[in-house]
Amino acid sequence: MNAFLLYLVLLKATCTSFSGMASLPVLRNDLVEHYHLLTDEQLTRAIAAGRTGPGPIGLYIVCAGYLAGGIPGAAAGLAAMNTPAFFIILLLKWLGVRAERPAVQRTIRSSLLAAAGLLIATSVRLAESAVTSPLEAGISAAAFGLLAFTAVDSVWIMAGAAAVGVAARLLQP
């Protein structure tokens, strides 16, 4: 796939999200299931790489673009990630005066709920390919519990999960 078509696919994903990870179901559908440019494991790696470093939550779009198309794919991902920001400036003028209307607020809430449902379904599919041992299942469950029920910062959860994984690898015969 050439860089321009990859840009359009990635742009579709970023334009259909209201937060960084909400584009994941669209991205998985296009890159993994439809065009077969990535596997679930590669998409999981792109998410990990994008979430590990500093920057916006949606930075994994650039990493997925790189895995799908090399340097031109990364450039396409960066352009796709930034394009909606330019158009939102124009939309703010129109939407700003209408944002308080109940119909607009219901539409936004409905879209967010739909995106959350799609994100959960996609996360389950990605977890099936990423969690392959009881240790990984335990780390995943502990990380979910800490994220969902405590105020522990996600950086510390990732550092702890990495430490457990390294320790398990070192202690392996």
Give the residues of the stretch 1-55 that are buried (at least 19 other Cβ atoms within 10 Å of the Cβ), in a loop (DSSP other than H, G, I, E, B) and more than 12 Å from the chain's Cα centre (by Cα), sorted by residue number.
37, 38
For the stretch 122-142, give me each residue that is of a type in the set (Gly, Ala, Ser), in a helix (DSSP H, G or I) and within 19 Å of residue 40 (Cβ to Cβ).
123, 127, 129, 130, 137, 140
Select, from 90, 112, 78, 95, the only residue that is farther than 17 Å from residue 9 by Cβ and either within 20 Å of the chain's Cα centre (by Cα) or modelled with pLDDT of 85 or more (or both).
112
Filter result for the condition that a residue is closer than 29 Å to residue 39 by Cβ, loosely packed, with under 14 Cβ neighbours inside 10 Å and of a type outside the set (Val, Ile, Thr), over 142, 99, 148, 161:
148
Among the candidates 109, 98, residue that is in a helix (DSSP H, G or I) and farther than 21 Å from residue 60 by Cα:
109
Which one of these is under 16 Å from residue 21 (Cα atoms) and surrounded by 12 or more Cβ atoms within 10 Å (Cβ to Cβ): 131, 62, 124?
62
Leading residue by the ranking (nearest to residue 1 (Cα to Cα)) among those in the stretch 72-96 that are surrounded by 11 or more Cβ atoms within 10 Å (Cβ to Cβ) and free of Cβ contacts under 8 Å to residues at least 24 places away in the same chain
74
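The values are calculated or read from the model by the stated rules, or taken from the named source; none is laboratory data. If you're wondering where the values come from, they're calculated on a predicted model, not measured in any experiment. Cβ coordinates were reconstructed from backbone atoms using ideal geometry, including for glycine residues, and neighbour counts include every protein chain displayed.
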